[in-house]
Amino acid sequence: MSDILRQIDEDLRKDRLREIWKRYGLYAATLILVIILSVIGYQINISLDKSKNEKLVEIYFDAISKDNSNIEAFTKLDELIKSDNNYLASIAGLKKVELLLKNGDNENSIIELEKILINKENDETIRNLAAYKLLMTNIETLNINDFKSYIEVNESDKSDFNYLFMELLAIKYFFECIFFLLR
């Protein structure tokens, strides 16, 4: 008798499960399908981003290779600067500044450095490095107030560049004293 009751109980459970599946099966299958497609889409997006970033890095290394002419290097660096990878764009901007300085084009290097400084989306370290490079290349030409303004814009208590900025300011004051005494 207990076997018959167990069999009836199992049949009732199966009927309930069929009823639940008929009622909610489409929703459950749709939910599972949406989850699977979302995961696939996410993985595809990650793969596409990775491929795009790898291509940008290849362009960067190609731009900085020794066998490139300056025009070709500038073209490739400009392409990177316009890319949507902000970090690589700012690094390419710094490399462009380096090439401009190497060619003696101080005016355009200042313009490029200021572009990096102005862009608030750039990493703080990149912006501080751009400010430091700007101050270093123009330590003799900037007046003391402009010099301080570049330092104040990038001043942060957590910045690793604070000591470097203070050192540059001390060197600037030293130059100002020397120039004053030589007049």
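The values are calculated or read from the model by the stated rules, or taken from the named source; none is laboratory data. The shown structure was predicted, so the numbers you read here are calculated from the model rather than taken from an experiment. Methodologically, a virtual Cβ is constructed for each residue, glycine included, from the backbone with ideal geometry; neighbour enumeration extends over all protein chains shown. Heavy atoms of the whole protein, side chains included, go into the accessibility calculation; ligands, DNA and RNA do not. Shrake-Rupley method; radii C 1.70, N 1.55, O 1.52, S 1.80 Å.
Per-structure values
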item	result
Selection count, segment 119-140, where residues are closer than 17 Å to Met166 by Cβ, surrounded by fewer than 16 Cβ atoms within 10 Å (Cβ to Cβ) and of a type in the set (Ser, Thr, Tyr)	0
Total residues in segment 55-69, condition in a helix (DSSP H, G or I) and open to solvent by 90 Å² or more (accessible area, probe 1.4 Å)	3
Some residue of segment 103-118 being part of a loop (DSSP other than H, G, I, E, B), over 26 Å from Ser65 (Cβ atoms) and open to solvent by less than 90 Å² (accessible area, probe 1.4 Å)	no
Which listed residue, of Gly41, Gly104, is at positive phi and without any contact (Cβ under 8 Å) to a residue 12 or more places away in the chain	Gly104
Options Asn86, Asn143; residue that is open to solvent by less than 50 Å² (accessible area, probe 1.4 Å) and not hydrophobic (A, V, I, L, M, F, W, C)	Asn86
Hits in segment 169-183 (condition: at pLDDT 75 or above and either within 27 Å of the chain's Cα centre (by Cα) or not aliphatic (A, V, I, L, M) (or both))	Lys172, Tyr173, Phe174, Phe175, Glu176, Cys177, Phe179, Phe180
Condition broken by Lys22, with the remaining ones in (1) at pLDDT below 90; (2) surrounded by 10 or more Cβ atoms within 10 Å (Cβ to Cβ) satisfied	(2)
Selection from segment 147-168 of residues that are basic (Lys, Arg) and modelled with pLDDT under 75	Lys158
